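Visitor: Before we start, here is the structure in question, set down as structure tokens.
Since every read-out is calculated from the coordinates, none of them should be taken as a lab result. This structure is a prediction, so every number in the text was calculated from the model and none was measured. No Cβ is skipped: glycine too gets one built from the backbone with ideal geometry, and neighbour counts run over all protein chains shown.
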């Protein structure tokens, strides 16, 4: 993925900046703009992940609280989705005080169909979860995991060593992304004993969520900040 801007005062995060996410960082602190689909129909879901630690618990209402009325957040419980948390004209309910730290994927429904909600840009502000040279670990359970990169990298999750997912996952694993334009899941890409399919790519953007299926055993997905 083309990287368009990277401004540094010290050590920098390779791959932090992408054309889709517009990430600006002067070392490991900064912000990331993530665009949420609008609602020309009854659905406007985008699958995202918090790319930065806000230092204050990463509470839903702090990191993505400015969504319009009619919006909702849906998280994954390991085998099923949790009940959606919806925002009304009166604001978010008490149940919106959940934590959405880096590495956790979740669905965002932006507004409602009538009146139409335009695309919404959410700005995540905070720091990368680890210091340069340190590791971030996302524990992947057997079965489906709704995740995102804990470090704000953009690129091919299968081949990019910074993302470090393609070689980490065992056979019988798969990767599945959400197509916000078509409002459906893309075809899953599976890994066999022979490896990933020839020429297979799984490009992710900063702040993107996706499903990882673990077919054999739990796995630790470890990433290192250069």
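Visitor: Of the residues 66, 209, 55, which exhibits the maximal mean-square fluctuation in a Gaussian network model of the chain defined by a 10 Å Cα contact cut-off?
Guide: Greatest mean-square fluctuation among the candidates belongs to 55.
Visitor: Can I ask one more? Hey, in the GNM for the chain with a 10 angstrom Cα cutoff, which one of 145, 82, 33 fluctuates hardest?
Guide: Among 145, 82, 33, the largest GNM mean-square fluctuation belongs to 82.
Visitor: In addition: Taking a quarter of the surface of the convex hull around the Cα atoms of region 108-226, what do you get in nm²?
Guide: Over all viewing directions, region 108-226 projects a mean Cα-hull area of 8.5 nm².
Visitor: Another question, then. What is the chain's relative contact order, in percent, from Cα pairs under 8 angstrom and six or more apart in sequence?
Guide: Answer for the chain is 26 percent.
Visitor: Using R₀ = 45 Å, calculate the FRET efficiency as 1/(1 + (r/R₀)^6) where r is the Cβ-Cβ separation of residue 135 and residue 90; round to 0.05.
Guide: Using R0 = 45 Å, I get an efficiency of 0.60.
Visitor: Hey, what number do you get for the chain at 222 nm if only DSSP H runs of n ≥ 4 count, each worth -39500 (n - 2.57), divided across all residues, to the nearest 500?
Guide: Result for the chain: 0 deg cm²/dmol, rounded to the nearest 500.
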